[in-house]
Structures are given as structure tokens and as C-alpha cells.
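Structure record follows, encoded as C-alpha cells.
The values are calculated or read from the model by the stated rules, or taken from the named source; none is laboratory data. Worth saying up front: this structure is predicted, and the values here are computed from it rather than measured. Cβ placement follows ideal geometry from the backbone for every residue including glycine, while neighbour counts extend to all protein chains displayed. For the accessible areas, the whole protein counts, side chains as well, though only heavy atoms, and no ligand, DNA or RNA atoms are used. Shrake-Rupley method; radii C 1.70, N 1.55, O 1.52, S 1.80 Å.
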Amino acid sequence: MSAPLARPIVILISGSGSNMAALVEAARHGRWAARFGAGVVAVVSNRPGAAGLAWAREQGLATAVVDHQQHADREAFDAALMAAIDAHRPALVLLAGFMRILTPGFVRHYEGRLLNIHPSLLPAFPGLKTHQRAIETGCRFAGATVHRVTAELDHGEYLEQAVVPVLPGDTPEALAARVLTQEHLIYPRAVERLLAG
């Protein structure tokens, strides 16, 4: 049994968890435990069927489900979510394809410790359907942004960005797939830089 980490990391997902997997692998290969006393300890999802949960369990990580449909409102859901996260005393909470808008109280509770990755070059295209909007607007470049989470949607300090060309005839799906490959690189890089201080 290894010693508990000084800086535990909890990741929130809603789906396949590909960014979560990239972070877990980066922590392992980058020896975050030895170098920073940090590592991913738990994965929490708002969807019981999220495919990423099975992968996380296979890696020996703690997993939990806080189903948003089982709560009366956003405040009740966020309170239950905070309880599940705080059980691990996280130094960082990473949103990785977590498809819920969080209440200001939740954001305040994790102030300075809460990060997100967004599939656009913020401040362009906050919110949803980023790839479709980039194509429809005629953008020649799209990308992804790792940012601190604030009460204003997709608005906190930018920690890392990657630029991806929009190709002639691109579909939102094709652009999304190209952007995702970059997300898997910049999210771990941003977290590692933060841990290194």
C-alpha cells in the first residue's frame, strides 16, 4: 500500500473520459507522485453509464456516480457532488468533458483548484456546439483552451491553448476529432505546469 498523496486530484466526467485517461496516463508517465506528491485518486460522473468509469476502475481509481437526475435542483446536485469530491480532500478538481453548469457556490468552494478544458480558442465560442459555430463563422483556426473555472461560463484565466486548422469541407465531427488530439496534450501539460509551480 503506497502512502497517501499530498496533492490528490479528482476528475469529473460525463462520458467516455478520454481527457481523463490522458491525465491519468500523464500522471503515471510523468511521475507526478514522486515529483509533486500528486496523482489522480478518483473519478466522479453525473451519468451512471459513463464509459470512462469502467476504465477508471480498471486503473484502480476510486469512482463515484452523483446522478443529476436524482436531485431536485442544481444546488442539491452540487451539494451531493461536493460531498463525493471532498471525501478525497483534493488539491485539484479537473473537469474533463463534465457536461453540467456548476453553481456559483460550487465554483467558490473550489476556487483556485478547479480547471476545465473547453473545445475552442476562448474567448471565442464559449458554451456548446463550438466546432459547428467555428465552421459556420468561417474561422480558419479552431482549438482548445485549458482554463481556471470561475462563476462566469468558460471565462477564467487561460492556462494553455492549442490551435488546430479548420480544413475545407470540415464537418463538426472531423474538427472535433482533430481538436481532441490536442486536448489530450495540453490538459496534462497545463496541470503539470501548475503542480510544478
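Assorted remarks:
- Within the accessible area of the stretch 1-91 (1.4 Å probe), percent carbon and sulfur: 52
- Under the simplified labelling scheme, the MET99-ALA72 pair shows an inter-label distance of 2.7 nm, with each label point 7 Å from Cα along Cα→Cβ.
- Split the accessible area of the stretch 128-176 by element, probe 1.4 Å, and carbon with sulfur accounts for 58%.
- Cα gyration tensor category, rounded, prolate or oblate, for the stretch 1-75 with a/c compared to 1.5: prolate
- Accessible surface computed residue by residue for the chain, with neighbouring protein chains in place and a 1.4 Å probe, gives 50 Å² per residue.
- When ASP78, ASP73 are compared by accessible area at a 1.4 angstrom probe, the order from most to least is ASP73, ASP78.
- Antiparallel bridges, percent of DSSP beta bridges restricted to the stretch 1-148 (to nearest 5): 20
- Among (i) 40; (ii) 24; (iii) 18, the entry derived from the coordinates for percent of Cα pairs over 28 Å apart: (ii)
- Under 5 Å from the amide H of GLY143 lie the amide H atoms of LEU121, VAL164, each residue being 5 or more positions distant or on a separate chain, with H modelled from the backbone and absent for Pro and chain starts.
- Where trypsin sites (Lys or Arg not before Pro) fall in DSSP loop in the stretch 97-197, at most 13 other Cβ within 10 Å: LYS129, ARG140
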